[in-house]
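Quick notes on the structure that follows.
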Amino acid sequence: MEPALPIEEMAFEDALRELERIVARLESGDEPLDASIALYERGNLLRQRCAERLDAAQARIEAIRLDPDGRPTGTTSFAAG
C-alpha cells in the first residue's frame, strides 16, 4: 500500500475515495481495535477536509444579493453557461 498523502494536500475526489475505502474497512470488522481507531481518526480528518472543500466550492458559486441599502437579502446560485 502506498504512503498516505497529507490530508491538507488532497483534492476533494482523492479524499473522498480514501474516506470510502476507510469506511469499507471499518464496516468489514476485520481490523484490530488499534487499527480501527487510527482508521476512524484519519477518516474523520478526511470527512472534515471534504466538508471544507464543499463549503468553499459553494461559497464560490453563490453570489450574495444586496438590497439598495447594501443589506443582504439572499443568495443567487451560480448559473453556468
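In region 36-59, the qualifying residues are those that are closer than 24 Å to Arg25 by Cα and among the polar types (S, T, N, Q), and the one that is farthest from the chain's Cα centre (by Cα) is Ser36. Exactly one residue out of Glu27, Glu8, Glu18, Glu31 is free of Cβ contacts under 8 Å to residues at least 12 places away in the same chain, out of contact with any Pro (no Cβ under 8 Å at 6 or more places or on another chain), in a helix (DSSP H, G or I) and of a type in the set (Asp, Glu), and it is Glu27.
Here, each number is a calculation from the coordinates, and none is a lab measurement. Note that the coordinates shown come from a computational prediction; the quantities given were computed from them, not determined experimentally. Ideal geometry is used to build each Cβ from the backbone, glycine not excepted, and the neighbour counts take in all protein chains shown.
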